[in-house]
Amino acid sequence: MKIELRKVSYSPALSEETSNFHADVWIDGKKEGYARNHGTGGATNVQPNTLRARLDTYGKTLPEVDIGTPTGGPPRMIVQDAEWIVDNLLTNWIVRRDLKRSLKNRALYTLTHPLIADEQVGH
């Protein structure tokens, strides 16, 4: 199943506790609904409810996600649901957008060997 966000409208200025956005949700090349979040800490709303149910069912087939360890706590596994799937798609969209913007007028270098990089900068 190929799930995409299209026509994303994202506002970092209006994002307080969560991301403020509105986006169309497409599955396998067909618009199935939309998702939005007002950015004030509430859940991401996925509409219509048939789309939410479809994404929830699909999320149960995906591996559980550990949300505890990355934040320094003990492992805490959750089942992916519609909100989690859409929020991850939005995060990836934001990262790609920011990377494209950065690459328009800058060169980007990656370090492949950290010890060599440290020696080159005099550490």
Unmet requirement for Thr50, which otherwise passes all of (1) part of a helix (DSSP H, G or I); (2) under 17 Å from Pro12 (Cα atoms): (2)
Boolean, Val65 is of a type outside the set (Phe, Trp, Tyr), within 13 Å of Asp81 (Cα to Cα) and within 14 Å of the chain's Cα centre (by Cα): yes
In region 53-78, the residues that are among the small types (Gly, Ala, Ser) and more than 22 Å from Val25 (Cα to Cα): Gly68, Gly72, Gly73
Hey, Thr44 among the polar types (S, T, N, Q) and in contact (Cβ under 8 Å) with a residue 40 or more places away in the chain or not: yes
Matching entry among Asn88, Asn49 (being under 15 Å from the mean Cα position of the chain (by Cα), at negative phi and without any contact (Cβ under 8 Å) to a residue 24 or more places away in the chain): Asn88
Residue identified as surrounded by 10 or more Cβ atoms within 10 Å (Cβ to Cβ) and at pLDDT below 85 among Ala117, Ala107: Ala117
Selected residue [part of a loop (DSSP other than H, G, I, E, B) and touching a helix residue (DSSP H, G or I) at 6+ places or on another chain (Cβ under 8 Å)] from Ala107, Ala43: Ala43
Pro48 vs. criteria at pLDDT below 90 and out of contact with any His (no Cβ under 8 Å at 6 or more places or on another chain): no
Subset of region 1-40 (residues that are touching a Lys or Arg at 6+ places or on another chain (Cβ under 6 Å) and either hydroxyl-bearing (Ser, Thr, Tyr) or assigned to a loop (DSSP other than H, G, I, E, B) (or both)): Asp28
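The values are calculated or read from the model by the stated rules, or taken from the named source; none is laboratory data. Please read all numbers here as calculations on a predicted model, not as lab measurements. Using ideal geometry, Cβ is built from the backbone for each residue, glycine included, and neighbour counts are taken over all protein chains shown.
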